[in-house]
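Enquirer: Here it is: the structure, laid out below.
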Amino acid sequence: ALRSIVNILAVGECSGRTFQHTLALIQHLSHLPDAREIIANELKLKAHDFGQNLSADLDILSAALQKSEGQDDLPPSVIAKFSPASSDQAKLLRVLKTIDYMYSKTGPDGNEVDENSLREIYETFRFTALWKKLGESLGIVEQKPDIEHIATVLLPLLESLMVVCNNVGVTSLTGVPAVPGSPRSPLITEQSVDDLFVSFTDDHRKILNLMVRNNPSLMSGSFSLLVKNPRVLDFDNKRNYFSQQLHKRPHPREHYGALSVNVRRARVFEDSFHAFQHKTGDQVKYGKLSVRFYAEEGVDAGGVTREWFQILARQMFNPNYALFEPCAADRQTYQPNRASE
């Protein structure tokens, strides 16, 4: 009976409402002895089956894309395999998200679930060949601008790749692992998840940027993993993501007092530093900023703050402060000065 519950996710279409009810049902049943493991094993089997089906479908799609000269040349039957909510890629994503949900919540005993349990499940998925075939299809699309929009049809499969990489653990290019790797990972014997993620995102950065640009909310979900590879996102997408993160306010702004900054026009940098050095990050982020220049009349309705930001931004990059230095590549952008403490 527990295994049959997974069929709700894997047979036909599954509306958002049905999906949420099913997740809640699975979470409640997980309090029964061994129920979580039984459901998880069934989910793993379904994920493997969908992976095999999708591998065959991607071969057909790649062949059709190679022959096509435009959108009208693509057989509807091929596109239909990936389009509806009942497609195997949509089902795979639902199954992976369910596994993620099951092990991201507290366990039946009320304690936090061991993250290793979740990672071990994802490490059993031998999907490297599937991701390579997905890359081949995207590569063909990138060479044919007339059918570039077809890439959006493959979004659920791309999200599935991100979910797997996120749970196995991707090392950022700075060399700091997000989650410690496991020496027994089957992915390591095929292709390390780091190499897979970096090579895939490097090769298909154009399409990934197009998807993020068309749907910025992707960066709030599974696509947030793209920040692990700093070469991928274009500047406008990085800026939008940065802005999204700044506006995530965990507490009402009213909890933080006004942040009064009184500065001398000739000493904006030093005075600003002294005004902020004992403030916490949350105070700076969420406090209402009020700027005043000494010996100058004027209410800060936005214009004074704007002028303060402009002056401060210029002075921050003053080489005499040794905070930043121009990048050697273009002399137009800056990086932290290695000599700065």
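The values are calculated or read from the model by the stated rules, or taken from the named source; none is laboratory data. Since this is a predicted model, take the numbers as computed values, not measurements. Because the Cβ atoms are built from the backbone with ideal geometry, glycine has one as well, and the counts that use them run over all protein chains shown. When the accessible area is computed, the model is the full protein with side chains, heavy atoms only, and any ligands, DNA or RNA have been set aside. Shrake-Rupley method; radii C 1.70, N 1.55, O 1.52, S 1.80 Å.
Enquirer: Cβ-Cβ below 6 Å, separation at least six or inter-chain, first residue in the range 238-263 and within 17 Å of residue 279 (Cα to Cα) and of a type in the set (D, E, K, R), second modelled with pLDDT of 80 or more and open to solvent by less than 90 Å² (accessible area, probe 1.4 Å): which pairs?
Expert: Pairs found: 253/286.
Enquirer: Working carefully through the options 83, 77, 55, find the one that is open to solvent by less than 30 Å² (accessible area, probe 1.4 Å), polar (S, T, N, Q) and either touching a residue at least 12 places away in the same chain (Cβ under 8 Å) or assigned to a helix (DSSP H, G or I) (or both).
Expert: Criteria check complete, one pass: 55.
Enquirer: Follow-up. Checking the conditions here, which among 74, 96 is over 23 Å from residue 119 (Cβ atoms), in contact with a helix residue (DSSP H, G or I) (Cβ under 6 Å, 6 or more places away or on another chain) and among the hydrophobic types (A, V, I, L, M, F, W, C)?
Expert: Details: 96 fails: over 23 Å from residue 119 (Cβ atoms).
Of the residues listed, the single one that is over 23 Å from residue 119 (Cβ atoms), in contact with a helix residue (DSSP H, G or I) (Cβ under 6 Å, 6 or more places away or on another chain) and among the hydrophobic types (A, V, I, L, M, F, W, C) is 74.
Enquirer: When the residues of the range 167-194 are filtered to those that are closer than 18 Å to residue 223 by Cβ and open to solvent by 40 Å² or more (accessible area, probe 1.4 Å), which remaining residue is modelled with the lowest pLDDT?
Expert: 178
Enquirer: Considering only the range 141-166, state which residues are surrounded by fewer than 19 Cβ atoms within 10 Å (Cβ to Cβ) and within 13 Å of residue 203 (Cβ to Cβ).
Expert: 142, 143
Enquirer: Now for a different question. Can you tell me which condition residue 22 does not meet? The list is (1) without any contact (Cβ under 8 Å) to a residue 12 or more places away in the chain; (2) at negative phi, and all the others hold.
Expert: Failed condition: (1).
Enquirer: Filter the range 1-52 for residues that are charged (D, E, K, R) and outside any helix (DSSP H, G or I); which is nearest to residue 103 (Cα to Cα)?
Expert: 34
Enquirer: To continue, here is another question. Determine, yes or no, whether residue 62 is of a type in the set (S, T, N, Q), under 28 Å from the mean Cα position of the chain (by Cα) and under 25 Å from residue 100 (Cα atoms).
Expert: no
Enquirer: Same structure again: Output the residue which, of all residues in the range 272-303 that are part of a loop (DSSP other than H, G, I, E, B) and surrounded by 15 or more Cβ atoms within 10 Å (Cβ to Cβ), is modelled with the highest pLDDT.
Expert: Result: 287.
Enquirer: Here is a further query. Specify which of the listed residues (267, 306) is modelled with pLDDT of 90 or more and within 24 Å of residue 235 (Cα to Cα).
Expert: Matching residue, one of 267, 306: 306.
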